[in-house]
1. Is segment B:535-553 home to any residue that is more than 23 Å from residue B:405 (Cα to Cα), among the acidic types (Asp, Glu) and in a helix (DSSP H, G or I)?
2. Is it true that residue B:178 is hydrophobic (A, V, I, L, M, F, W, C), within 14 Å of another protein chain (Cβ to nearest Cβ) and within 26 Å of residue A:199 (Cβ to Cβ)?
3. Among the residues of segment B:150-159, is any modelled with pLDDT under 85, under 24 Å from residue A:226 (Cα atoms), surrounded by fewer than 24 Cβ atoms within 10 Å (Cβ to Cβ) and within 28 Å of the chain's Cα centre (by Cα)?
4. Which of the residues belonging to segment B:2-33 are charged (D, E, K, R), modelled with pLDDT under 85 and over 17 Å from residue B:286 (Cβ atoms)?
5. Out of the residues in segment B:245-256 that are at the interface with chain A (Cβ under 9 Å from one of its Cβ atoms) and among the small types (Gly, Ala, Ser), state the one that is surrounded by the most Cβ atoms within 10 Å (Cβ to Cβ).
6. So residue A:364 fits all but one of (1) at pLDDT below 85; (2) farther than 25 Å from residue A:449 by Cα; what number is the exception?
7. Report the residue count in segment A:40-54 for those that are buried (at least 24 other Cβ atoms within 10 Å of the Cβ) and not hydrophobic (A, V, I, L, M, F, W, C).
Amino acid sequence: VGRLTVPTAGPLSARIAALCDRIAAQATPAVGARVRRVRRRLDEPLRVAIAGRLKAGKSTLVNALIGRRVAPTDAGECTRVVTQLRHGDLDRVEVVRRDGSRASLPLDGSGMIPRRLGVPAAEVAFLDVTLASDRLRDLTVVDTPGLASTGAAGAVAERYLTAEGAPLDADLDADSAGALAAAEAIVYVFTQSVRADDVAALAAFRAVSTRLASGPVNSLALFSKVDKLVTGAADPWPVAEPLAAEQAGLLRRVVADVVPVNGLLAETTEAGRLTADDCAALRALAGLSPAGQLVLLASADLFLSRDCPVPREHRELLLAKLDLFGVGYAVSALAADPGLSSGGLVRLLATAGGLGRVRRTIDRTFRSRADALKAGRAVSELERIAARTEPPADHALLRDAVESVLREPAYHRLRVLEATHLVSTGAVELPEVMERELTRLAAAADPAAVLDLPGASTDQLVAAATMSATRWRTFAVAEAAPAQARVAMVGHRAFQLLAQRLRAGL
Amino acid sequence: VTTPPDAALARMLAAAADRSLAWLRATDPDLAGDLDGWRRAPHRPAVVVVGETGRGKSSLINALVGVPDLVPAATATYVELRHGARAAARAYLPDRPDPVPLEPADMRDWATVGGRLPDGARRPRHIEVEHPAPLLADLTLVDTPGAGGLDPALAEVSLDAAARASALLFVADAAAPLSRPEFDFLRAASDRVDVVVFALTKVDAYPGWRTILADNRALLAARAPRFAAAGWLPVSAHLAALAAALPAGTGTTDADAAELARAAGVADLRRALRDVAGRAELVTHANVVRAVRSELARLEHAASDRIRAHDPDPGALSAARRARADRAAAHRAAARRWTLTLRTEVERARLELAARVRTELGTVQEELLDRIDRGRGAALTALPEEVDRHLHAVSVRLSRDLAAAFDAVADRALATAAGPDEARRLRGEVHATLRDRGAGGDRRLRTGPDDVMVALSAGELAYLAGRGVVAGASALGAGAVIGAGLLVPAAGIGLGLAAGAFALYHRRVAADRQQARLWLREVLAEARAALGEEIARRFTDLHHALTLALDAAAERRQRRLDGDRAEIDRAAAEDAARRAARRAEQVREREILRGRLAQLDEVLARAAALGPIR
C-alpha cells in the first residue's frame, strides 16, 4: 500500500539497452564507457526532480512521498544542494564533490540528512542518498534547492547558498550533470498561485534535454500548503480545488495537472510521526472552552504563549508536526466527536493532507510513460555523445544506431513525444482539438484512452483510429503550414500504427 | 528656545533638495522640473502599498482602515482610498468620460483579476474609494496589483503608482524570505521614494516568522544597505479581523479581543504610517533628494564607462572598439528587424480585427433577419432602434479589441527595438502622435446613396481615460493613469445609425418584411464598409506613429553610438600622455559626482529616522 508503482523498464527501454550494449562493444573505450553509463540509467528507476521556489515545501513533499522524514524542513532550513534519494539496501549519505570524489556520512541521530556535510558547500556537486525504503524501489526522487532565492549574502549565505536560476547546477562536472540533469520527469511545487518566475523556471527545465523537455507529457505541478489559502482552521479545499483547476488551465501547455496538497499533514501522517502522546494532547485541547480554543488557535504565537493544560514544549512539537491548521482541524474533529479513536484521527488528518491524490496522479502521469520517457532520454543522450565524438567511426556508429531505432514502428512514440513538445512550447500551433489529440497520443498507452472512446469495441477503435489518421493526413496536405504539416504527418502515422496494432489484436 | 529636531531636519532636507535639484537641472532639466513641480504642488500624503501578488496587501489595508472587505484581494488595478464623509466608490473607465459610481458589492467584479466585468465594459484604470475611517483623514492609501504575477502589465501599474508615493508600505509575508523578484521590485519601486515601511504579514500562520524576519533583515543589509536599519512590523490581518468581530456564542470576552488585537500588530503599523504622514513636508523633500540621488548614481555609472574608454591601456581601448563595433552591428540588425516586425504585426492585427468585424456583423445580421421573419407590427417598427443598439454593442466590443490589438502590436514592435525603459518612453511618444491624429471630435464618415447610413464618432483622449482623471482628480496625477504602460488607440469607435437611416426605414419599409430584410442588409453592408475603412485608417495611424517613434529612437541610439565612436577615436588619436590627462579630467568629474552622492547619502542617512527604524 502506498508504494509508487512506476514500472522501471519496458520494451522500448529494453531495445535501447540492447543497442547500447552493441555500440559499447564496438566503440572505442572512451565512448564505450559513456554509452555504458547511458545503459545503466535504463535499468534504474524513473528519476523525478522536485523543483520550485524557495520554501515552497519541496523537502516536506519529498519526505511525504518516501514516507520518512529525512530531509530537514524547519523554518530557517533550506535545501542547499541537489539531493538525490534512491533505493538501496542500506541507509547512507554520500557527498559527491565536483571533482567526482565521494565522502560518506551517516544519517544523524534522528534519521535525517545531516546539516553539516563536512565539505564546503561550493565543492559539493550533489548528495547521493540511498534509503532502504520500498517507496523508492520504482522511483528515484531528486530534491533541488529553491529557485528565485535572493542568493548568497553574509550570514544568510550559509543557509541560502543555492544554485541560482536553474534547478540543476550548470557548473557541475560532466558526470554529475549527466547523473542529475537526467531527471526524466519533473514535479513542480508552488504555493498560492503561479508566478511569472515559476513559469520561467519550468521553461528553464525544458532546456535540460533536447529531445524530452518538460511539457504536459512529463511534468506535474503540486499546489502545496493549501491550508494557507484560508485563515485559521477553516476548510481550505473549497478554495483550493477551483484554484488548482484554474491554475491547471493556465499551465495547460506546461504540466499535465495541478494537484492541491497539504505537504506537512501528508509528511506527518505518512511518516507516522503522530504519537499516542500527541493524540492525548490534542484531546486535552479539545476539552477547552470554545472561547479558550478560539484565542489559543488564533495564531502560532498565541498557541505557544497562552496558559494551557498541555506543556509548551509539547505544543511546539504539535505545531512542528501539524501546523496551526492541523492542530485546529484535529481539535475541532475531536470536539465534534469525542469518541474518535487515535487511528481515526490520523486517517482524518491523512485525508486532509491529500497525498493519496498526488500519488495517484504521479502514478497515472508517469506510469504509462516511464518506458518512453526513459528511452527518449537515452536516445537524446546517445545523440549528445555522438555530437561530441571525435573518431568518425564511432560517430557514424552512434548516428546509425539512433537513426535505425527511430525508424522502427515501435519508436514512433518518441517522434510523437517530440511533436508534442513542439506543440506544447508553442513552436508549432495546432487547432486545439488536434493539440489535445496529440497530447493523448503521447500520454496514454491504452488505445481507448488515446481515442477518447472508453469502453468501445475493437472494431469501433479501429474505425476511429483510421478516421483520425485520415483526418491528420488531410490536415497535413490541405490546410497546414510546413511546420504544422511535419507534426501532422507524425500524428497521421501514429494513428495508422495504432490501427494496425489494433487489427493485429495486440 | 530649543529647536525641535524635526525643524532642523526639515531645514537640512529642504536645503539638500534645493541643491540637488540645481545639480540635476544641469543634466536633465525636464526631470528636475517635474520633481520641483511635484515638490511644490500641494498634496495629501499618499502611502502606496506594494509587494508581490498574494502577500496579503489588500487584507492588510482592510485591517489598517478597520473596515472588512473594503478592498478586494487580487486587485488588477490600483485602488485609491481616501477620506470622505460617506462611504463611496468610483471607477475611472478608459472609455467613459466620467467616473462610474460603484456599489460595494460590485467592487470585486470591477477591481480584481478574475472579476467579471459587465458586458462590453473595459477594466478601470483606477478605482477611488472614499470612507470616513479616521486613518484616511491623515493619509491616502493606495492598493496596487503587485508584482510577480503572470501579467507583467500589473507590475508596471504598481511601479507607476509607486513613483508618486510619499512613502511605500512594502509587504512581504512570513512564508518565505524575500525572493529575487521581490528584491528587484523593491529596488525599482524605491528609486524615487525615500521612506519605505516594511511589514511582514501572516505572522499568525507561520510559527517560524521570526526566523524569516531575521533573514529578511540580513538580506536587506547585504543587498540593499539603505534599508539595513529599516524597521519591520510583524502584522496579522487575520487576527485583526478576528479581534474586531469575535464570533458570538463562544463566550469570549473583551480581554480576549484586546489580546488578539495586540497580537495582530496592526495598531503599531497604523501608528508608524501616521508618523510618516505627519511629516509629509519632510518626506517630500527626502523623496526629491532620493530621486536625484538615483539619477546621480546613474550618471556616476555612465562616467565610469567613459573613463574606461579613455583608459591609457591600449588593450582596454581595443576592447572598447570591439564593443562599439558589436553595438553598431546589433543596432543595424535591430533596425532591420523592427521595420519587418512592425509591418507584419500591424498587418496581422488589422486582418484579425477585420475578420472580427465580419463575424460580429454576420451574427447581428443573422439574429435580426430571424427577428424580422418572426416579428410583426411593433417589433418590425422598432427594428432601427434594435439595429442601432446592436451596432453600439459591436462598436464597444470592437473598441476594446482595437485597444488590445494596438497594445499587442506596440508590445511586440517595441520589444524588438528597445529595452523596457526606452519602450516606456516610446509608448508615450506614440500616444502623443496618435492623439494628434485622432483629435477632431465627432464626424460622420459614411453617407450612403440616400444620406442614410452610419455615423462614426471619434472622441478625445479624455473620453478614453476618463475626464476626471485628466482633470487631475487622482492623488497620483494623470501621468500615473495614462502612463500606466497601456497603449490605447486615440479614441474608441462609436458606431450607430444616422438619422437618415431611420427616415428611410419608415418611408420604405412600413410593415413589409421583404423591404425590411433589404434595408437591414444595406445598412449592415454600410456598417461593414465603414468599419473596415475606419480600422484600416486606425492601423495606418498606428503604423505611422510607431514608425515615427522607432525612427526617432533609432536615431537617438545612432547619435549615441556616433558620440561613443568619436570619443573612442579621439582617445585613440591622442598620445598616451594626453589620454592620461583626459582620463584624469574625467576621473575628477566622477569624483565630483561621487562627492555629491556622498553628501546626499549623508543627508538621507539622517532622514532615515523618518520611517520606523529598528
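The values are calculated or read from the model by the stated rules, or taken from the named source; none is laboratory data. Computed from a predicted structure; not experimentally measured. Neighbour counts run over all protein chains shown; Cβ positions are idealised from the backbone, glycine included.
1. Within segment B:535-553, none of the residues are more than 23 Å from residue B:405 (Cα to Cα), among the acidic types (Asp, Glu) and in a helix (DSSP H, G or I).
2. yes
3. yes
4. Result: B:28, B:30.
5. Here the residue is B:251.
6. The number of the failed condition is (2).
7. Counting residues in segment A:40-54 that are buried (at least 24 other Cβ atoms within 10 Å of the Cβ) and not hydrophobic (A, V, I, L, M, F, W, C) gives 2.
Rundown of residues vs (1) modelled with pLDDT of 80 or more; (2) aliphatic (A, V, I, L, M); (3) touching a strand residue (DSSP E or B) at 6+ places or on another chain (Cβ under 7 Å); (4) under 18 Å from residue A:498 (Cβ atoms), yes/no style:
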residue: A:424; (1), (2), (3), (4): no, no, no, no
residue: A:428; (1), (2), (3), (4): no, yes, no, no
residue: A:434; (1), (2), (3), (4): yes, yes, no, yes
residue: A:438; (1), (2), (3), (4): yes, yes, no, yes
residue: A:446; (1), (2), (3), (4): yes, no, no, yes
residue: A:451; (1), (2), (3), (4): yes, yes, no, yes
residue: A:456; (1), (2), (3), (4): yes, yes, no, yes
residue: A:459; (1), (2), (3), (4): yes, no, no, yes
